[in-house]
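**Student:** Please find one structure pasted underneath; my questions will follow.
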Amino acid sequence: MTAPPDDCLARNEWICGTYLTTRRQILLDAVAQHLQLTVLAVLLGLVIALPLAVLARRWGWAAGPVLAVTTILYTVPSLAMFSLLLPVYGLSAALVVAGLVLYSLTLLVRNILAGLRAVPEETRQAARGLGYGPVRLLLTVELPLAVPAAMAGLRIATVSAVSLVTVGAIVGFGGLGNLIYAGMNTYFKAQVLTASLLCVVIAVAADLLLLGVQWLITPWTRGARG
């Protein structure tokens, strides 16, 4: 009888330290691409969502159409979304980023708008009484008070982006998703498990990081809870 191989890679085990040591650079490159796509998409989504939410708050009639369009975009399946964007961006990282940006809008716009709407009207009136103009009122009163709700949306959008980046593997730009899909096609157990766990680690770390940022920039909420 032939003895089983000593190498866990040869035995195709789920947990394999040899995989980590021999594929370290491949894993680092995949993680780097995953983070780049996620951060870029979320930042672009935030840049677009903020003015949309402000406009929807200023002109109430715009809130319905803005929320309706962003919600419809969020309901489009990821594969269909990437296929629709393919004629515009081709097989590129921009295709994945554009899709993630569109998905993030409903979460970001809705939460930023909710935060702006939650600012007490008496607070606005008091600021106006002190001579605050519309821009100063927005930047120094409304947006700071809307941060908790906005951060909640940002956290959800970020975690969702970490997950959806993996779908970008269908066009070759999926970060860790590239390893997951390749591993599933060849039933490479260690690669599938390692890449999947790294996705979870990135999502949890990103959520905790944003939670810490929120804690630092909203000291008044700590006082209120106390």
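The values are calculated or read from the model by the stated rules, or taken from the named source; none is laboratory data. Quantities reported herein were computed from a predicted structural model and do not represent experimental measurements. Every residue, glycine as well, gets a Cβ built from its backbone with ideal geometry; the counts of neighbours run over all protein chains shown. The accessibility values were calculated without ligands, DNA or RNA, using every heavy atom of the protein model including side chains. Shrake-Rupley method; radii C 1.70, N 1.55, O 1.52, S 1.80 Å.
**Student:** Can you pull out the residues in region 158-217 that are of a type in the set (Phe, Trp, Tyr) and closer than 25 Å to Trp14 by Cβ?
**Tutor:** Tyr181, Tyr187, Phe188
**Student:** Can you say whether Leu216 is closer than 26 Å to Arg110 by Cβ, open to solvent by 40 Å² or more (accessible area, probe 1.4 Å), without any contact (Cβ under 8 Å) to a residue 12 or more places away in the chain and under 23 Å from the mean Cα position of the chain (by Cα), as far as the supplied structure shows?
**Tutor:** So Leu216 passes the test.
**Student:** Also, quick follow-up: Report, by residue number, each residue of region 180-190 that is of a type outside the set (Lys, Arg) and open to solvent by 20 Å² or more (accessible area, probe 1.4 Å).
**Tutor:** Ile180, Tyr181, Ala182, Met184, Asn185, Thr186, Tyr187, Phe188
**Student:** Determine whether Val47 is within 23 Å of the chain's Cα centre (by Cα), more than 22 Å from Thr166 (Cα to Cα) and open to solvent by 50 Å² or more (accessible area, probe 1.4 Å).
**Tutor:** yes
**Student:** Of the residues Leu102, Leu95, Leu137, which is among the hydrophobic types (A, V, I, L, M, F, W, C), more than 28 Å from Leu73 (Cβ to Cβ) and open to solvent by less than 50 Å² (accessible area, probe 1.4 Å)?
**Tutor:** Answer to the selection: Leu137.
**Student:** If you scan region 97-112, which residues turn out to be touching a residue at least 40 places away in the same chain (Cβ under 8 Å) and β-branched (Val, Ile, Thr)?
**Tutor:** Val97, Val101, Val109, Ile112 - these are the residues of region 97-112 that are touching a residue at least 40 places away in the same chain (Cβ under 8 Å) and β-branched (Val, Ile, Thr).
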